[in-house]
Amino acid sequence: MATPPPKPSLRDWPHSPIHRLSESGAYMVTAATYQKQKFFDTPILLTQLTNLLLCQAEKHGWTLQAWAVFPNHYHFLAESSNPQNLRHMIRELHSKSAIELNRGQDSISRKIWFQYWDSQITFHRSFLARLHYVHCNPVHHGIESDATQYSWCSAGWFERTASPAFCKVVLSFATDKLEIPDSFGDPATP
């Protein structure tokens, strides 16, 4: 009996992040604009991008647990039973937001988005640390001293909807050792 040929392995592309989306669960996603440009630099543009993110997540079956949207990047933490559709969701989010932005600024073919990074969160403590990180990202970037005051972040929503005990637990988790792509400069307050 002949030995079956080996299964082809996934080859990592050296110039882009690896996307391995095989198991349902929680994922952390970070996306950046092209050359870290602050394309979404007004309250209106930040609101449009945030609303589009929320709509696309719902459309594609992702339950957002935390999000933070800035002029040149965003982060979100979400759960899905079908993570294979993350690529399609991100592609649609980036395509729609770029088309809308470029139409509004008469720049039809300008490149807006660069790439995105995702990672599956498999440990509960890691999930809680990332939940803290995303909710408090406006403080991390020096935009606000209180993340709940930043309109394009889930911190205010989290504070209003989660129990005070759970908020306290989440905010107690250290975030300084997390490895999250977040070298996007100081996106100035719009």
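The values are calculated or read from the model by the stated rules, or taken from the named source; none is laboratory data. Everything numeric here is computed off the predicted structure, so don't read it as measured data. Every residue, glycine among them, receives a Cβ derived from its backbone with ideal geometry; neighbour counts consider all protein chains shown.
Return only the number of the condition from (1) over 23 Å from Val139 (Cα atoms); (2) modelled with pLDDT of 95 or more; (3) touching a Pro at 6+ places or on another chain (Cβ under 8 Å) that Glu23 does not satisfy.
Result: Glu23 fails condition (2) only.
Go through region 140-179 residue by residue and tally those that are more than 18 Å from Asp41 (Cα to Cα), touching a residue at least 40 places away in the same chain (Cβ under 8 Å) and among the β-branched types (Val, Ile, Thr).
The qualifying residues number 3.
Looking at (1) closer than 18 Å to Phe40 by Cβ; (2) out of contact with any helix residue (DSSP H, G or I) (no Cβ under 9 Å at 6 or more places or on another chain), which is the only condition Asn137 fails?
(2)
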